[in-house]
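The values are calculated or read from the model by the stated rules, or taken from the named source; none is laboratory data. Bear in mind that the values here come from a model prediction, so they are computed numbers and not experimental data. Here Cβ is always computed from backbone atoms with ideal geometry, including for glycine, and neighbour counts include all displayed protein chains. Note: accessible area is taken over every heavy atom of the protein model, side chains too, but ligands, DNA and RNA are not part of it. Shrake-Rupley method; radii C 1.70, N 1.55, O 1.52, S 1.80 Å.
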Amino acid sequence: MLEVSKSHRKLYHSYGDPGSAPSRSLVFPDPNLERFVYNIMIGDLNVTNDYRIVDSKTGNVVSQFNIEDSLQTNPEVLWNKKGSRFALEYAQKGNEQGVQSDNAILVSAQGISVYNRNGKLVSTLNSSSEERINIVNWLDENRLLIECFSPSYMGSGNWARKILFIKLMMFQQANCRPFKRPGK
């Protein structure tokens, strides 16, 4: 049985930008609560592109990785159901074409990176120049369902999505193909 406890030695903030609402989560536990991905902050307001993977039981850092500073990640880490892999979406800073809130940008992703549970990069999928992509959900341990769309500017820094099609990302083969329902 797992339990949550507080360590007086280490402090991991669970939310960024505490003066804004809704707060942006910076801690992303795996489904088994054995470890979590932690998005590192500098000071009270500056979220970085640096991440740590922390063992939930000991509080020890398992590994650390970073995303290029030229990229803006979505504020979510999406674990698969077994907790063996997680995915991050990203776009070039200044070209996010997403939706802005008071403390985060939900990017219309130009790429998706998949990592193993220790933070090692497993695979990356990049969108074509005409489309953007975002994760719908994990289908199983090895497949992601991806929506592909054209962003349409709505004003005030916000973009809408015109869904083009759904794709299936099988990241072990590093390819993406249109998703077809059985019997279609």
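Considering the conditions (1) closer than 16 Å to TYR115 by Cβ; (2) touching a Ser or Thr at 6+ places or on another chain (Cβ under 8 Å); (3) free of Cβ contacts under 8 Å to residues at least 24 places away in the same chain, PRO29 is excluded by exactly one of them, (3).
Is it fair to say SER63 is in contact with an Asp or Glu (Cβ under 9 Å, 6 or more places away or on another chain), assigned to a strand (DSSP E or B) and either within 22 Å of TYR38 (Cα to Cα) or open to solvent by 20 Å² or more (accessible area, probe 1.4 Å) (or both)?
No; evaluated as a whole, the condition is false for this residue.
Listed conditions (1) touching a residue at least 60 places away in the same chain (Cβ under 8 Å); (2) within 16 Å of SER84 (Cβ to Cβ) are all met by TRP159, apart from (2). Return yes or no: is SER84 modelled with pLDDT under 90, open to solvent by 20 Å² or more (accessible area, probe 1.4 Å), polar (S, T, N, Q) and over 13 Å from LEU71 (Cα atoms)? The answer is no for SER84. Among the residues in the range 100-110, are any at pLDDT below 85, charged (D, E, K, R) and open to solvent by 40 Å² or more (accessible area, probe 1.4 Å)? Yes; the residues of the range 100-110 include at least one that is at pLDDT below 85, charged (D, E, K, R) and open to solvent by 40 Å² or more (accessible area, probe 1.4 Å).
Residues of the range 46-66 that are out of contact with any strand residue (DSSP E or B) (no Cβ under 8 Å at 6 or more places or on another chain) and of a type in the set (Val, Ile, Thr): THR58 alone. Under the condition of being in a strand (DSSP E or B) and surrounded by 15 or more Cβ atoms within 10 Å (Cβ to Cβ), which residue from the range 137-149 is farthest from the chain's Cα centre (by Cα)? Filtering the range 137-149 for residues that are in a strand (DSSP E or B) and surrounded by 15 or more Cβ atoms within 10 Å (Cβ to Cβ), the one farthest from the chain's Cα centre (by Cα) comes out as PHE149.
Against the numbered list (1) modelled with pLDDT of 60 or more; (2) charged (D, E, K, R); (3) open to solvent by 50 Å² or more (accessible area, probe 1.4 Å), LYS10 comes up short only at (1).
Selection of first residues in the range 37-49 that are modelled with pLDDT of 75 or more and of second residues that are part of a loop (DSSP other than H, G, I, E, B) and among the charged types (D, E, K, R), restricted to Cβ pairs under 9 Å at least 6 apart or on distinct chains, gives the following pairs, ordered by first then second residue: VAL37/ASP30; THR48/ASP69; ASN49/GLU68; ASN49/ASP69. Evaluate the following for SER129: is it assigned to a strand (DSSP E or B), of a type in the set (Gly, Ala, Ser) and either open to solvent by 70 Å² or more (accessible area, probe 1.4 Å) or under 29 Å from GLN64 (Cβ atoms) (or both)? No; evaluated as a whole, the condition is false for this residue.
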